[in-house]
1. Computing the accessible area with a 1.4 Å probe over protein heavy atoms, can you report the carbon and sulfur percentage for the chain?
2. Let me understand the chain better: what is its radius of gyration from the alpha carbons, and its Dmax, in angstrom?
3. Karplus couplings for region 114-122 from phi (6.51 cos²θ - 1.76 cosθ + 1.60, θ = phi - 60°), rounded to Hz, Gly and Pro as x?
4. Among ALA58, ASN99, GLY68, flag the residue with its Cα farthest along the positive direction of the charge dipole of the chain, charges on Cβ as +1 for Lys/Arg and -1 for Asp/Glu.
5. Could you list which residues have their amide H under 5 Å from that of VAL62, counting only those 5 or more apart in sequence or on another chain, with H placed in the peptide plane?
6. Which far-off residues, 5 or more places away or on another chain, put their amide H under 5 Å from the one on VAL85, with H placed in the peptide plane?
7. How much mean residue ellipticity at 222 nm does the chain get from its helices, if each DSSP H run of length 4 or more adds -39500 (n - 2.57) and you divide by all residues, to the nearest 500 deg cm²/dmol?
8. Gap in Å between the Cα centre of region 1-50 and the Cα centre of region 91-106?
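The values are calculated or read from the model by the stated rules, or taken from the named source; none is laboratory data. The model shown is predicted, which means the values in this text are computed figures rather than measured ones. Glycine also receives a Cβ, built like all others from the backbone with ideal geometry; neighbour counts cover every protein chain displayed. Note: accessible area is taken over every heavy atom of the protein model, side chains too, but ligands, DNA and RNA are not part of it. Shrake-Rupley method; radii C 1.70, N 1.55, O 1.52, S 1.80 Å.
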Amino acid sequence: MKIAVGSDHGGFARKADALDFLRSEGHRAFDMGTHSEDSVDYPDFALAVAKAVAGRKADRGVLLCGTGIGMAMAANKVPGIRAAVAWSVETARLASEHNKANVLCLGARQLDAGLIREMLKVWLSTPFGGGRHEKRVRKIMRMEKDRGRLSR
Ligand code: RB5
(Lines give C-alpha, C1' and ligand atoms only; values in the text may rest on other atoms or scores of the structure.)
Protein backbone atom coordinates (compact mmCIF):
# COMPACT_ATOMS: atom_id res chain seq x y z
CA MET A 1 0.00 0.00 0.00
CA LYS A 2 0.95 3.64 -0.39
CA ILE A 3 0.95 5.14 3.09
CA ALA A 4 1.40 8.82 3.97
CA VAL A 5 2.97 9.27 7.39
CA GLY A 6 3.13 12.54 9.30
CA SER A 7 3.82 13.80 12.80
CA ASP A 8 4.41 16.88 14.86
CA HIS A 9 7.48 17.25 17.11
CA GLY A 10 5.85 14.99 19.72
CA GLY A 11 5.61 12.15 17.22
CA PHE A 12 8.85 12.75 15.35
CA ALA A 13 10.91 9.86 16.79
CA ARG A 14 8.08 7.34 16.58
CA LYS A 15 7.41 8.43 12.97
CA ALA A 16 10.93 7.36 11.94
CA ASP A 17 10.34 3.95 13.46
CA ALA A 18 6.88 3.63 11.88
CA LEU A 19 8.31 4.50 8.45
CA ASP A 20 11.06 1.88 8.82
CA PHE A 21 8.55 -0.72 9.88
CA LEU A 22 6.06 0.01 7.09
CA ARG A 23 8.82 -0.14 4.47
CA SER A 24 10.14 -3.40 5.92
CA GLU A 25 6.62 -4.80 5.45
CA GLY A 26 6.76 -3.91 1.75
CA HIS A 27 4.62 -0.74 1.82
CA ARG A 28 5.50 2.47 0.00
CA ALA A 29 5.54 4.74 3.03
CA PHE A 30 6.31 8.38 2.45
CA ASP A 31 7.35 10.94 5.00
CA MET A 32 5.16 14.06 5.06
CA GLY A 33 7.12 15.69 7.92
CA THR A 34 7.82 17.12 10.38
CA HIS A 35 11.55 16.70 9.96
CA SER A 36 12.92 17.64 13.38
CA GLU A 37 11.92 17.93 17.02
CA ASP A 38 11.42 21.68 16.69
CA SER A 39 7.97 22.70 17.82
CA VAL A 40 5.37 22.77 15.04
CA ASP A 41 1.57 22.85 14.76
CA TYR A 42 0.04 19.38 14.35
CA PRO A 43 -2.92 20.55 12.14
CA ASP A 44 -0.46 21.37 9.33
CA PHE A 45 0.71 17.75 9.15
CA ALA A 46 -2.77 16.32 9.68
CA LEU A 47 -3.94 18.38 6.70
CA ALA A 48 -1.06 17.21 4.47
CA VAL A 49 -1.65 13.53 5.22
CA ALA A 50 -5.45 13.81 5.08
CA LYS A 51 -5.26 15.56 1.69
CA ALA A 52 -2.96 12.82 0.36
CA VAL A 53 -5.48 10.16 1.40
CA ALA A 54 -8.60 12.06 0.32
CA GLY A 55 -6.93 12.90 -3.01
CA ARG A 56 -5.98 9.21 -3.53
CA LYS A 57 -2.27 9.91 -3.58
CA ALA A 58 -2.07 7.52 -0.63
CA ASP A 59 -4.20 4.51 0.28
CA ARG A 60 -3.92 5.16 4.00
CA GLY A 61 -2.48 7.72 6.39
CA VAL A 62 -0.71 7.48 9.73
CA LEU A 63 -0.43 10.48 12.05
CA LEU A 64 1.54 10.71 15.26
CA CYS A 65 1.43 13.45 17.88
CA GLY A 66 1.68 13.38 21.66
CA THR A 67 -1.75 11.83 22.14
CA GLY A 68 -3.14 11.24 18.64
CA ILE A 69 -6.13 13.38 19.61
CA GLY A 70 -5.26 16.66 17.92
CA MET A 71 -4.26 14.86 14.74
CA ALA A 72 -7.61 13.04 14.61
CA MET A 73 -9.59 16.22 15.25
CA ALA A 74 -7.80 18.00 12.43
CA ALA A 75 -7.72 15.11 9.91
CA ASN A 76 -11.46 14.49 10.35
CA LYS A 77 -12.19 17.99 9.02
CA VAL A 78 -11.06 16.87 5.57
CA PRO A 79 -13.91 15.38 3.49
CA GLY A 80 -13.45 11.67 2.88
CA ILE A 81 -11.34 11.08 5.95
CA ARG A 82 -12.20 8.68 8.74
CA ALA A 83 -9.39 9.19 11.22
CA ALA A 84 -9.34 7.01 14.33
CA VAL A 85 -7.32 7.31 17.51
CA ALA A 86 -6.20 3.83 18.55
CA TRP A 87 -4.33 2.89 21.71
CA SER A 88 -4.02 -0.90 21.57
CA VAL A 89 -3.83 -3.73 19.05
CA GLU A 90 -7.53 -4.37 19.54
CA THR A 91 -8.60 -0.76 18.93
CA ALA A 92 -6.38 -0.66 15.83
CA ARG A 93 -8.07 -3.83 14.54
CA LEU A 94 -11.56 -2.48 15.23
CA ALA A 95 -10.71 0.83 13.55
CA SER A 96 -10.47 -1.20 10.32
CA GLU A 97 -13.11 -3.85 10.93
CA HIS A 98 -15.88 -1.59 12.30
CA ASN A 99 -14.98 1.96 11.29
CA LYS A 100 -13.11 1.56 7.99
CA ALA A 101 -10.59 4.11 9.25
CA ASN A 102 -8.39 5.37 6.44
CA VAL A 103 -6.14 7.32 8.81
CA LEU A 104 -4.75 5.97 12.08
CA CYS A 105 -3.78 8.50 14.75
CA LEU A 106 -1.36 7.41 17.43
CA GLY A 107 -0.21 8.91 20.72
CA ALA A 108 3.55 8.81 20.36
CA ARG A 109 4.02 9.79 24.01
CA GLN A 110 1.66 7.05 25.16
CA LEU A 111 2.73 4.04 23.09
CA ASP A 112 6.09 2.33 22.69
CA ALA A 113 7.57 1.65 19.26
CA GLY A 114 6.97 -2.10 19.42
CA LEU A 115 3.28 -1.67 20.19
CA ILE A 116 2.92 0.87 17.38
CA ARG A 117 4.43 -1.65 14.94
CA GLU A 118 1.96 -4.33 16.04
CA MET A 119 -0.93 -1.87 15.78
CA LEU A 120 0.05 -0.79 12.28
CA LYS A 121 0.35 -4.39 11.12
CA VAL A 122 -3.08 -5.31 12.44
CA TRP A 123 -4.78 -2.13 11.22
CA LEU A 124 -3.41 -2.60 7.69
CA SER A 125 -4.18 -6.31 7.45
CA THR A 126 -7.71 -6.32 8.91
CA PRO A 127 -10.47 -6.02 6.29
CA PHE A 128 -13.54 -3.87 6.80
CA GLY A 129 -16.34 -6.01 8.19
CA GLY A 130 -19.15 -4.63 5.98
CA GLY A 131 -22.75 -5.60 6.86
CA ARG A 132 -24.08 -3.57 9.80
CA HIS A 133 -20.82 -1.62 9.88
CA GLU A 134 -21.27 -0.56 6.27
CA LYS A 135 -24.61 1.02 7.13
CA ARG A 136 -23.07 2.91 10.08
CA VAL A 137 -20.06 4.16 8.15
CA ARG A 138 -22.40 5.31 5.39
CA LYS A 139 -24.32 7.33 7.98
CA ILE A 140 -21.10 9.04 9.04
CA MET A 141 -20.26 9.87 5.44
CA ARG A 142 -23.79 11.15 4.87
CA MET A 143 -23.38 13.51 7.84
CA GLU A 144 -20.30 14.86 6.12
CA LYS A 145 -22.20 15.30 2.87
CA ASP A 146 -25.06 17.04 4.68
CA ARG A 147 -22.49 19.30 6.36
CA GLY A 148 -23.67 18.35 9.81
CA ARG A 149 -27.42 18.49 9.17
CA LEU A 150 -28.80 15.50 11.05
CA SER A 151 -30.89 13.55 8.57
CA ARG A 152 -31.84 9.90 8.94
C1 RB5 B 1 2.18 18.99 21.42
O2 RB5 B 1 2.77 19.36 22.60
C3 RB5 B 1 0.91 18.21 21.68
O4 RB5 B 1 -0.11 19.06 22.05
C5 RB5 B 1 0.53 17.41 20.45
O6 RB5 B 1 1.58 16.55 20.11
C7 RB5 B 1 -0.69 16.55 20.51
O8 RB5 B 1 -0.66 15.70 21.62
C9 RB5 B 1 -1.99 17.20 20.33
O10 RB5 B 1 -3.04 16.58 20.32
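1. Details: 4180 of 8210 Å².
Result for the chain: 51 percent of the exposed heavy-atom area is carbon or sulfur.
2. Reported Rg and Dmax, both Å: 14.6, 46.
3. Per residue, the Karplus-derived 3J(HN,Hα) values read x, 5, 4, 4, 4, 5, 4, 4, 5 Hz.
4. ASN99
5. ALA4, VAL5, GLY6, LEU104
6. Amide H neighbours of VAL85, under 5 Å, 5+ apart: CYS105.
7. Mean residue ellipticity at 222 nm (helix-derived): -14000 deg cm²/dmol.
8. Here the answer is 17 Å between Cα centres.
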